[in-house]
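Colleague: If you scroll down you'll find the structure; I have some questions about it.
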Amino acid sequence: MRLLLLLLVLLLATAVHAQLRPSRTWESDVTRMHTTQGVMPSLRGGAEIQRTMGSYGGEQAWQFRMHVQAEPFRFTDSTDAVQITTTIEAHQELTANPYNDITFNPRAMRWEEYLWLQIGLPAVSLRAGFVHRCKHDIDNLGGADEFNPVNPLDAEQRTVILTGPALAASIAPITTVVGTLRASGGVEYFINASDTRTPTSSGGSWSGMQGAAWLRAAATYRLSSLLALQLDAFGSMPWFTSYRTRRTTLPFDARADLALVLTGRAATIHLAVTAERFFDEITITRPRATQFVGVAVKFMPK
């Protein structure tokens, strides 16, 4: 039954939807790492480079992501059946369009921080904590942007902030004849949601975003001790107290990655093809849906 449930989650996650977040490509369950009790038993991180094609206005031509996960204090050691620990996560994403003389024009930074209390049980890992997520423009107010597809004569800026409590759970990995399956999910409730724009634009404001429920799933088929194929999917469904736009009837995003994974002593390298869709290209001030495909190189912990 647990295997059937996980397969269902994997299928649903390829079509379910979420607001954009830098952590959508990161998954690390530290409670499955039975380390020693005490201060800072682990520190993990990763980095990604992605080149895409087809996004609205070329705004997602480049994506650079950084991930850090620190474990400030673990209450249990490797002999305990139930693991209890704390983690702090920081995720950062830079996006750039190709509209300058080096085809790399930085446009926006996205930050995401989590503070978690984690409990690891034999069949499931539970997390409770707090999330802060925000997006800020880099240099859009420096003057007119002749490559801006919306307001070519105006400088523009859009700031989005989402903050609130969060709950999450991860199922213990399941080994089958078709590989190892993993799944996780969670819910967030935003006590602060803001969406400010210059110039102002009506409709599609994230200020009415009340929260989001998300799903993540991965299937890994090992070809050898060094190589594997991995399918990753992530999505969540945000809900709003109010959201109006003429161009989108249902706000949704989706992401799926297919990667060749090379496993080394300390970490892994993912050579991936990816497809994404965002319900709102928040680099610009007016809500516009965007979709694109791309290639990525990811450096991730085991």
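Where a number appears in this text, it was derived from the coordinates with a stated rule and is not lab data. What you are looking at is a predicted structure, and each value in this text was computed from that prediction instead of being measured. Glycine gets a Cβ as well: all are built from the backbone with ideal geometry, and neighbour counts include every protein chain shown.
Colleague: Residue separation times 0.36 nm, minus the C-alpha to C-alpha distance between H132 and V39: what's the value? Numbers along the way, then the final one.
Modeller: Details: separation 93, 0.36 × 93 = 33.48 nm, distance 2.40 nm.
Here the answer is 31.1 nm.
Colleague: If you don't mind, there's one more thing I want to ask. Apply 1/(1 + (r/R0)^6) to the Cβ-Cβ distance of T159 and I269, taking R0 = 30 Å, and write down the FRET efficiency to the nearest 0.05. Don't jump to the answer; show the numbers that get you there.
Modeller: On the way: r = 35 Å, r/R0 = 1.15.
Taking R0 as 30 Å, the efficiency between T159 and I269 is 0.30.
Colleague: Further, regarding this structure: Taking Cα pairs under 8 Å and at least six residues apart, what relative contact order does the chain come out at, in percent? Intermediate results must be reported in sequence, preceding the final value.
Modeller: Values: 851 pairs, mean separation 55.9, N = 302.
Relative contact order of the chain: 18 percent.
Colleague: Moving on. Between the helical axis of 2-13 and the dominant principal axis of the chain, each derived from Cα atoms, what acute angle in degrees is found, rounded to the nearest 10?
Modeller: Helix 2-13 sits at roughly 10 degrees to that axis.
Colleague: List V177, V160 from most exposed to least, where exposure is judged by having the fewest other Cβ atoms within 10 Å. Please list the in-between numbers first.
Modeller: Working: V177 5, V160 23.
Neighbour counts put them in this order, fewest first: V177, V160.
Colleague: Order of D101, D80, D29, D280 from fewest to most other C-beta atoms within 10 Å?
Modeller: Numbers: D101 6, D80 13, D29 17, D280 27.
Lowest count first: D101, D80, D29, D280.
Colleague: Using 0.36 nm times the number of residues separating T176 and L260, minus their current alpha carbon distance, what extension gain do you get?
Modeller: Contour length minus Cα-Cα distance gives 28.3 nm.
Colleague: Another question about this same structure. Roughly how many nanometres apart are two label points built 7 Å out from the Cα toward the Cβ at T79 and Q210?
Modeller: Distance between label points: 4.9 nm.
Colleague: While we're here: Extending each Cα 7 Å along its Cβ direction at L94 and I49, get the distance between those two points in nm, one decimal.
Modeller: Using points 7 Å along Cα→Cβ, the separation is 1.2 nm.
Colleague: Test of understanding: what is the full-extension gain from T198 to F299, defined as 0.36 nm times their sequence separation minus their Cα-Cα distance?
Modeller: Details: separation 101, 0.36 × 101 = 36.36 nm, distance 3.62 nm.
Gain on extension, T198 to F299, equals 32.7 nm.
Colleague: Which values, in whole Å and largest first, are the semi-axes of the equivalent ellipsoid of the chain obtained as the square root of 5 times each eigenvalue of the Cα gyration tensor? If you can, show how the numbers build up before the last one.
Modeller: Numbers: eigenvalues 226, 90, 69 Å².
Rounded to whole Å, the semi-axes are 34, 21, 19.
Colleague: Now for a different question. Run the numbers on segment 165-204 and let me know its relative contact order in percent, using alpha-carbon pairs under 8 Å that are six or more apart. Could you put the intermediate results ahead of the total?
Modeller: Details: 34 pairs, mean separation 15.4, N = 40.
Averaging sequence separation for qualifying contacts and normalising by length gives 38 percent for segment 165-204.
Colleague: Using θ = phi - 60° and the Karplus relation 6.51 cos²θ - 1.76 cosθ + 1.60, list the HN-Hα couplings for segment 85-91 in order, rounded to whole Hz, with x at every Gly or Pro.
Modeller: Values, residue by residue: 8, 10, 9, 10, 10, 9, 10 Hz.
Colleague: Arrange H67, H132, H91 by Cβ neighbour counts within 10 Å, fewest through most, would you?
Modeller: Working: H67 25, H132 15, H91 22.
Fewest-to-most Cβ neighbours within 10 Å comes out as H132, H91, H67.
Colleague: For the chain, what is the calculated [θ] at 222 nm in deg cm²/dmol (nearest 500), taking -39500 (n - 2.57) for each run of four or more DSSP H residues and dividing by its residue count? Write out the running numbers ahead of the final one.
Modeller: Values: 1 runs with 12 residues, N = 302.
So the helix-based figure for the chain works out to -1000 deg cm²/dmol.
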